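Chemist: Would you mind keeping the following structure in view while I ask a few things?
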Amino acid sequence: MMLPLLPTVHCDTQANSSFTGSALKTVRNAVSTPENELRRWRRVFDANAKVVVNGEKYLDPENFVNAIAPRGDLSKIGRAQFAILFRVADTSRRGLVSWDDFTVFETMLKRPDADYWIAFQYFDVDNSGTISLDEFKNVFTANVNSSAIPFDFECDWVKLYLGKKNGTRVLGYNEFTQLMKGLQGERVRQAFQYLDANQDGFIKPDQFKQIILEIAGHKLSDAVVERLPTLCTLTPGGRISYSEVVAFHNVVREMDMVERIIREATAKSKDGRIDQSDFLNHASISSRYSLFTPMEASIIFHFAGRGSAEKRLALVDFAQLLDPRWKAPHEETEVKSVSAQMSFLNGFLQSVYNFAQGGIAGAFGATIVYPIDMGVMQNQRSTVVGQMLYKNSFDCARKIFRNEGFIGFYRGLGPQLIGVAPEKAIKLTVNDFVRQRAMDPETGRIKLIWELIAGGTAGGCQVVFTNPLEIVKIRLQVQGETARVEGAAPKGAVHIVRQLGILGLYRGASACLLRDIPFSAIYFPTYSHLKKDIFHEGYNGKQLSFLETLGSAAIAGMPAAYLTTPADVVKTRLQVEARKGQSHYKGLADAFVKIYREEGFKALFKGGPARVVRSSPQFGFTLLAYEYLHKYPWEEKPPQVQTALTSRQDDISRIRARNALKILLDVHGDFGRRAARFTPPFVPSVSEQA
């Protein structure tokens, strides 16, 4: 039997030519479906089709739901309600969906109006392409519980769409979409009028809860549902007015826009929190006209603030209103007490884990950029005749390659890798430790002063490893070219360590502190704000790409490296052994003064560009590696608010399947549950009966 690939003819179709054109367009769209999409559909179909008839596979209702229902969906739509879509896909009315049926159904879900199209197909019982009052009424009542608040199908609102004389007018597809768009508002009006026995414009809190559960219960979390009666506390009297019911309904209906405004407003807020004024102000600049009234804003903050609508709230506070599957923290797990007892151990193990990650990331970054680490440039002394070994960084690289070969660019790498692992590990671990302790647990924000303190503390702690490492590295680098000029044999790292001794390894430590503390205090806050403010990490669940992470880390290193060059120049001079004819420095202040007097102000920034060229990519690759290592398997982040708006699912078809139910569920939150057990769901048309 040939399956009906052609669309239903509607009463508002202009002519046969337009019908033919629409039919051909539908067929072309189905035929021209990308091959990779067809393969994906086929894989899903074959994985779920368990019924075989005459050698062909079919989907029964249960397996059809398995094939299309989103997994881990962030909503409260019951699996039984997805069976509604089976009734639309099963065009042959045999209780099975073939591969051809499935491809046509998936293609139909790609329509931009799939939600209205599905609803129209569901209400069009006789496949006539139109919907009469009887069809509308019968399908409505068959899918809604008998205990639901009654709906008056003879009201003036329905007659405006279907006419005043029963059976004299029917709805085409376009007219039907407009009726469905306004249906929920009419249901709210009728439900309030039905429950307002005294006709005084007020209903009881439990009656309000009944109305909302019927029209929007699937859109609200259990926590909000339980608190629905508390809406009566917004105004004196202990009852709820029609205005408040309509306001709440408008909030639920525009929940996607509410979420977008809240996310944008909290992201732009300095402290990550907003109040009602912030919400209304951001709403007004986000649209041409005002979207929400003060009463609607009060309702939003009432439920998000759990009865306290005046305080400033973070995004996580709105989660119970935005996420239908939100659970209170004590309900999500029953092992919190065990976790609390192990919190100290977990913290210690996490610090050890971060330390190891920092070491690996540091070694990775140092290896990549080591060839451009031209520390010798900063040691040149222009006041001693014959000591201008290099004209610039390029001349330095050329002479090292000529005199020492390629291996000269990696002279001293061994001690560097031995020292850089604990150096970067302690810097990254301390910075993370301080930031986590200073971070607002609800917003994930940290004040700028604490960002500076975290970075500075990390920089100060790393000097324990940095100073011995760099004094050995610099002497190894310097002696390579100098030995070539003077004819002396270069000495190894062990000889340098023995020569200096323990105290000698910390020569120039004060200058090292003067360099590393401001460097880290500049670098880490800059890196954090580049990710958040420039690349918008975390906005609507965004995760930075490889290049965005690398760019943030590399750019942050530029100002940090250049602005701390004077301290690095002084540190280098203090750590390098002075030869005959060179100035000797007594300490930090003496070195600054002598360099300035003998060589001028520019000498303090000698090698500054080289430091930028070295530090920028080094920290770029180091932080890149650290970020990726830090994601698995122990990643700790501030609380995230995951909703259908921010969810990222691989299979777009499952998302479309959920969205296709939106219009039908707006009729009633339990739409389809009552009729789920009945198959086939449609009444055969006259032609089929014949």
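Chemist: Quick test of your reading of the structure: G557 fulfils all but one of (1) in a helix (DSSP H, G or I); (2) within 27 Å of the chain's Cα centre (by Cα); (3) modelled with pLDDT of 80 or more; (4) more than 20 Å from C512 (Cα to Cα). Name the failing condition by number.
Modeler: Against the list (1) in a helix (DSSP H, G or I); (2) within 27 Å of the chain's Cα centre (by Cα); (3) modelled with pLDDT of 80 or more; (4) more than 20 Å from C512 (Cα to Cα), G557 comes up short only on (4).
Chemist: Regarding I474, is this residue assigned to a helix (DSSP H, G or I) and either of a type in the set (V, I, T) or at pLDDT 90 or above (or both)?
Modeler: So I474 fits the description; yes.
Chemist: Quick check, is K204 more than 18 Å from I663 (Cα to Cα), open to solvent by 30 Å² or more (accessible area, probe 1.4 Å) and modelled with pLDDT under 85?
Modeler: So K204 does not fit the description; no.
Chemist: Across segment 479-508, which residue is nearest to C461 (Cα to Cα) among those that are open to solvent by less than 30 Å² (accessible area, probe 1.4 Å) and modelled with pLDDT under 70?
Modeler: For segment 479-508, the residue satisfying everything is G508.
Chemist: Output the residue which, of all residues in segment 530-547 that are part of a helix (DSSP H, G or I) and open to solvent by 60 Å² or more (accessible area, probe 1.4 Å), is modelled with the lowest pLDDT.
Modeler: Y539
Chemist: Related question: Under 23 Å from D666 (Cα atoms) and assigned to a helix (DSSP H, G or I): does that describe V139? Steps first, please.
Modeler: On the way: under 23 Å from D666 (Cα atoms): yes; assigned to a helix (DSSP H, G or I): yes.
Yes, satisfied.
Chemist: Moving on to the next point. Against the conditions (1) open to solvent by 10 Å² or more (accessible area, probe 1.4 Å); (2) assigned to a loop (DSSP other than H, G, I, E, B), where does T107 fall short? Just the number, please.
Modeler: If we test T107 against (1) open to solvent by 10 Å² or more (accessible area, probe 1.4 Å); (2) assigned to a loop (DSSP other than H, G, I, E, B), just (2) comes out false.
Chemist: Next question, about the same structure. Are there any pairs, at least 6 apart or on different chains, whose C-beta atoms fall under 9 Å, with the first in segment 506-518 and in contact (Cβ under 8 Å) with a residue 12 or more places away in the chain and over 11 Å from R573 (Cα atoms) and the second among the small types (G, A, S) and surrounded by fewer than 19 Cβ atoms within 10 Å (Cβ to Cβ), and if so, which?
Modeler: So the pair list comes out as S510/G587; L513/G460; D516/G460; I517/G460.
Quick grid of which residues meet (1) without any contact (Cβ under 8 Å) to a residue 40 or more places away in the chain; (2) touching a helix residue (DSSP H, G or I) at 6+ places or on another chain (Cβ under 9 Å); (3) open to solvent by 40 Å² or more (accessible area, probe 1.4 Å); (4) among the hydrophobic types (A, V, I, L, M, F, W, C):
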site: A69; (1), (2), (3), (4): no, yes, no, yes
site: G78; (1), (2), (3), (4): no, yes, no, no
site: V88; (1), (2), (3), (4): yes, yes, no, yes
site: R111; (1), (2), (3), (4): yes, yes, yes, no
site: A119; (1), (2), (3), (4): no, yes, no, yes
site: N127; (1), (2), (3), (4): no, yes, yes, no
site: E135; (1), (2), (3), (4): yes, yes, no, no
site: A142; (1), (2), (3), (4): no, no, yes, yes
site: D156; (1), (2), (3), (4): yes, no, yes, no
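Chemist: Now, a different point. I'm checking my understanding of the structure. Among residues of segment 226-263 that are in a loop (DSSP other than H, G, I, E, B) and not small (G, A, S), which one is surrounded by the fewest Cβ atoms within 10 Å (Cβ to Cβ)? Give the derivation first.
Modeler: The initial filter retains those residues of segment 226-263 that are in a loop (DSSP other than H, G, I, E, B), namely 227, 235-239, 254.
Subsequent filtering for residues that are not small (G, A, S) retains 227, 235-236, 239, 254.
Working: R227: 18, T235: 15, P236: 7, R239: 18, E254: 16.
Among those residues, the one meeting the criterion is P236.
Chemist: What number of residues within segment 415-454 satisfy the criterion of being charged (D, E, K, R), farther than 30 Å from G305 by Cα and open to solvent by 40 Å² or more (accessible area, probe 1.4 Å)?
Modeler: 0
Chemist: Of everything in segment 50-67 that's more than 35 Å from the chain's Cα centre (by Cα) and among the β-branched types (V, I, T), which residue is surrounded by the most Cβ atoms within 10 Å (Cβ to Cβ)?
Modeler: V51
Chemist: Still on this model: Take A589 and decide whether it is part of a helix (DSSP H, G or I), surrounded by 15 or more Cβ atoms within 10 Å (Cβ to Cβ) and either modelled with pLDDT of 90 or more or among the aliphatic types (A, V, I, L, M) (or both).
Modeler: Considered against the rule, which asks whether it is part of a helix (DSSP H, G or I), surrounded by 15 or more Cβ atoms within 10 Å (Cβ to Cβ) and either modelled with pLDDT of 90 or more or among the aliphatic types (A, V, I, L, M) (or both), A589 comes out as no.
Chemist: Okay, next question. I'd like to know if segment 623-633 contains one or more residues that are at pLDDT below 80, surrounded by fewer than 19 Cβ atoms within 10 Å (Cβ to Cβ), touching a helix residue (DSSP H, G or I) at 6+ places or on another chain (Cβ under 9 Å) and assigned to a loop (DSSP other than H, G, I, E, B).
Modeler: Within segment 623-633, not a single residue is at pLDDT below 80, surrounded by fewer than 19 Cβ atoms within 10 Å (Cβ to Cβ), touching a helix residue (DSSP H, G or I) at 6+ places or on another chain (Cβ under 9 Å) and assigned to a loop (DSSP other than H, G, I, E, B).
Chemist: Right, next: State all residues of segment 268-318 that are acidic (D, E), over 25 Å from Y242 (Cα atoms) and open to solvent by 70 Å² or more (accessible area, probe 1.4 Å); if no residue qualifies, say none.
Modeler: Across segment 268-318, there are no qualifying residues.
Chemist: Where residues in segment 166-201 are of a type in the set (D, E, K, R) and more than 26 Å from V125 (Cβ to Cβ), which of them is surrounded by the fewest Cβ atoms within 10 Å (Cβ to Cβ)?
Modeler: If we take residues in segment 166-201 being of a type in the set (D, E, K, R) and more than 26 Å from V125 (Cβ to Cβ), then D200 is surrounded by the fewest Cβ atoms within 10 Å (Cβ to Cβ).
Chemist: When you look at D100, is it touching a residue at least 24 places away in the same chain (Cβ under 8 Å), within 19 Å of R658 (Cβ to Cβ) and either charged (D, E, K, R) or touching a Ser or Thr at 6+ places or on another chain (Cβ under 7 Å) (or both), yes or no? Even if it seems obvious, please write down each step before you answer.
Modeler: Working: touching a residue at least 24 places away in the same chain (Cβ under 8 Å): yes; within 19 Å of R658 (Cβ to Cβ): no; either charged (D, E, K, R) or touching a Ser or Thr at 6+ places or on another chain (Cβ under 7 Å) (or both): yes.
Answer is no for this residue.
The values are calculated or read from the model by the stated rules, or taken from the named source; none is laboratory data. Since we're looking at a predicted model, the values are computed, not measured. Cβ: placed from backbone, ideal geometry, glycine included. Neighbour counts: every protein chain shown. For accessibility, only protein heavy atoms count, side chains too; no ligands or nucleic acids. Shrake-Rupley method; radii C 1.70, N 1.55, O 1.52, S 1.80 Å.
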